[in-house]
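What follows draws every value from the coordinates through simple rules; no lab data is involved. This is a predicted model, so every value here is computed, not measured. Backbone-built Cβ (ideal geometry, glycine too); neighbour counts: all protein chains shown.
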């Protein structure tokens with residue numbers, strides 16, 4: 001019996017019992033759907049972050065207090081007080097691969113305008129912040145060197161804060177109160193949009209760092225330094241120069257551990273990508289477990305099916321079906337079932353991803369690779385889990401089978 | 001001298017089963033010849049070995065000892081696959097419980113043996129239609145099994161057994177599940193097939209009415225032939 005005919009026989013068999021076939025395939029359908037959906041969510045998130053990092057530019061560096069081994073990858077240098085403004089100035093003067101610097105401090109505060117109230121992040125930065133962060137001004141102007149030196153109480157609003165406090169009215173020249181201290185609004189940052197549902201970059205207010213230190217936080221140290229290198233090619237050089245200068249500034253003996261940490265944007269980007277990859281693998285792995293369960297489900301139902309059809313197998317054998325014919329028929333039934341289940345699962349997964357990106361606003365990315373893998377995987381599940389029942393079926397003795405009640 | 005129109009030659013066929021520790025002698029040395037075109041009944045009480053003998057003649061089973069020649073070829077030592085081939089091409093079965101596939105049309109049921117031989121889809125349909133016509137089911141070909149009466153189902157079973165033009169037809173209590181009127185109709189079909197198409201037919205039965213249409217009768221008891229008529 002040739003393959004095409006066997007496939008037709010298998011299909012007819014499956015259609016004769018639509019309900020049972022559907023329930024059997026359900027495990028695979030859900031399993032594949034879950035794999036596709038979770039991987040696409042993970043991929044989408046990863047791409048979003050990559051886009052953000054790309055937008056920020058690859059010549060961006062950060063200096064943070066605290067050594068690498070203590071802190072891990074993420075920020076919060078709040079407990080360390082060893083970075084000071086003169087460090088930043090020394091870096092600017094002595095490192096020729098460095099273009100701009102922006103010492104920064106940040107905090108959260110209650111902001112009031114008239115009868116409107118908003119709690120937001122306050123970033124204290126230098127006048128070069130827009131250049132370093134590639135962030136344009138939409139309205140008004142940014143503060144300059146003199147205003148920073150004087151510690152003036154001026155503020156540039158993020159577009160979300162502007163929306164909430166001024167609701168479309170012109171904010172330029174108005175006075176807002178940050179922690180009850182009056183600040184004059186001189187500009188509005190362009191909107192950068194929300195990214196992947198975590199923090200909203202437009203929900204912040206930018207003021208001179210000197211003002212933040214003196215008026216809001218009462219400190220003389222700074223929490224980090226944003227630095228842009230002269231060019232992408234000289235970024236590594238910049239890192240080396242910065243480290244040298246700071247070691248001198250902080251009087252660190254040769255061989256002793258640094259009490260600061262310089263990170264390269266692309267390092268951070270890679271790190272984020274790596275942890276995303278781990279997440280994707282993890283989610284995919286869990287979904288694969290459900291796929292495996294689906295395969296076991298197929299095997300069980302195929303075994304039940306074989307038992308229910310013992311008579312039928314006997315009849316087929318009596319009219320001349322060989323062991324091989326029976327084996328192929330049942331094996332193909334399992335494969336067709338799991339492949340069809342795989343296809344339905346792929347459709348389900350793609351649909352679910354679309355739905356999630358519409359409802360939750362998360363970006364999802366269905367990779368063609370995952371679709372192909374899911375397809376073949378479901379086929380393999382059919383072969384592996386369908387084999388044992390098919391083998392059992394083929395080994396039945398026709399006489400016993402015909403006599404089976 | 002070997003007679004050339006001996007379809008079946010049984011030489012000292014024995015079948016021994018092991019049930020746990022004990023041995024059961026189902027057949028204890030049966031020898032018999034059946035010619036082409038014969039219409040034979042194998043009779044006997046339950047446990048006499050008539051089903052076992054039919055299974056061996058029908059190539060569903062192999063004898064423990066002895067030789068079985070079908071159309072001059074020794075089949076007693078063939079492997080499972082070759083036996084399947086022979087069942088497909090040379091033998092047709094009709095069972096007491098009809099043994100049709102459920103939720104399947106009469107046509108598809110009849111085509112079943114052709115699935116396992118190299119026949120094109122077109123040929124399969126033609127041969128099945130022809131077969132069904134012979135048993136008087138013209139017009140009912142596309143009815144499903146559950147839409148057919150007992151008698152009609154048995155006719156489909158007969159049509160299936162004929163579709164590959166076998167030399168031998170084996171029927172095990174073919175009227176056992178039918179009422180007497182339908183039973184007689186079925187027996188008429190067997191008679192017709194034997195007289196018009198010269199198909200060799202072996203009936204296994206304990207019903208003497210069924211046996212009436214046959215030319216010869218063999219009686220089995222405890223695995224041996226005790227009487228011939």
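Here the relative contact order of chain A, from alpha carbon pairs under 8 Å that lie six or more residues apart, stands at 30 percent. Inter-label distance, residue A:163 to residue B:195: 9.7 nm, where each label sits 7 Å from its Cα along the C-beta direction. Fewest-first ordering of B:228, A:237 by other beta carbons within 10 Å of each residue's beta carbon gives B:228, A:237. Of the two radii for segment B:1-121, the radius of gyration is 1.00 times the Kirkwood radius, both from the alpha carbons; that is the Rg over Rh value. Hey, what angle do you get for helix A:85-94 against the long axis of chain A, alpha-carbon based, 0 to 90 degrees rounded to 10? Orientation of helix A:85-94: about 90 degrees from the principal axis. Principal-axis analysis of the Cα atoms of chain B puts helix B:180-197 at an angle of about 80° to the longest axis. Compared with the alpha-carbon gap, the fully stretched path from residue A:232 to residue A:259 is longer by 7.1 nm at 0.36 nm per residue. Counted residue by residue at 0.36 nm each, then reduced by the alpha carbon distance between them, the extension gain from residue A:137 to residue A:177 reaches 12.3 nm.
Listing B:226, A:298, A:91, B:8 from fewest to most neighbouring C-beta atoms within 10 Å gives B:226, B:8, A:91, A:298.
Only helices enter the 222 nm calculation for chain A: every DSSP H run of n ≥ 4 contributes -39,500 (n - 2.57), and dividing by all residues gives -18500 deg cm²/dmol, rounded to 500. From the alpha carbon centroid of segment B:67-95 to that of segment B:14-33 is 20 Å.
Angle of helix A:235-249 to the longest C-alpha principal axis of chain A, folded into 0 to 90 degrees and rounded to 10: 50°. Take the Cα of residue B:126, go 7 Å toward its beta carbon, and the backbone nitrogen atoms of segment B:142-180 under 16 Å from that spot belong to B:163-165.
Cα gyration tensor of segment B:87-229, axes a ≥ b ≥ c as square roots of the eigenvalues: rounded (a/c below 1.5), prolate (a/b > b/c) or oblate? Prolate shape, in that a/c is at least 1.5 and a/b is the bigger ratio. Only alpha carbons enter this Debye calculation for the protein assembly as shown, each as an equal point scatterer, and the log10 of I(q)/I(0) it gives at q = 0.06, 0.08 Å⁻¹ is -0.57, -0.70. Spin-label pair residue B:14-residue A:247: with each label point 7 Å from Cα along the Cα-Cβ axis, the two points sit 9.9 nm from one another. Hey, what did segment B:1-157 get for relative contact order, percent, Cα under 8 Å, at least 6 apart? Computed over segment B:1-157, the figure is 19 percent.
Going by the alpha-carbon gyration tensor, a ≥ b ≥ c the square roots of its eigenvalues, is segment A:117-218 rounded (a/c under 1.5) or, if a/c is not under 1.5, prolate (a/b greater than b/c) versus oblate?
Judged from the Cα gyration tensor, segment A:117-218 comes out rounded (a/c under 1.5).
Estimated from the Cβ-Cβ distance and a Förster radius of 35 angstrom, the FRET efficiency linking residue B:5 and residue B:138 is about 0.60.
Starting from the Kirkwood radius over alpha-carbon pairs of segment B:95-149, derive D by Stokes-Einstein at 37 °C in a medium of 0.692 mPa s and give it in µm² s⁻¹.
The Stokes-Einstein estimate is 284 µm²/s.
Note on residue A:15 and residue B:209: with the Förster distance fixed at 60 Å, the Cβ-Cβ geometry gives a FRET efficiency of about 0.90. If you wrap the tightest convex hull around every Cα atom of segment A:251-371 and split its volume per residue, you get 201 Å³.
Residues in segment B:161-183, backbone N under 20 Å from the label point at residue B:229 (7 Å along the Cα-to-beta-carbon vector): list them, ranges by number please. In segment B:161-183, the label zone of residue B:229 (backbone N under 20 Å from the point 7 Å along Cα→Cβ) covers B:171-176. Using the Cβ-Cβ distance between residue A:391 and residue A:360 with R0 set to 60 Å, the FRET efficiency from 1/(1 + (r/R0)^6) comes to roughly 0.85. Between segment A:261-335 and segment A:123-159, how far is it from one alpha carbon centroid to the other, in angstrom? A separation of 57 Å, based on Cα centres. Exposure proxy for A:281, A:385, A:15, A:62: other Cβ atoms within 10 Å of each Cβ, ordered fewest to most, give A:15, A:281, A:62, A:385. Would you mind classifying segment A:318-398 by shape? Square roots of the alpha carbon gyration tensor eigenvalues, ordered a ≥ b ≥ c; an a/c under 1.5 is rounded, otherwise it is prolate if a/b is larger than b/c and oblate if not. Note, shape of segment A:318-398 comes out prolate.
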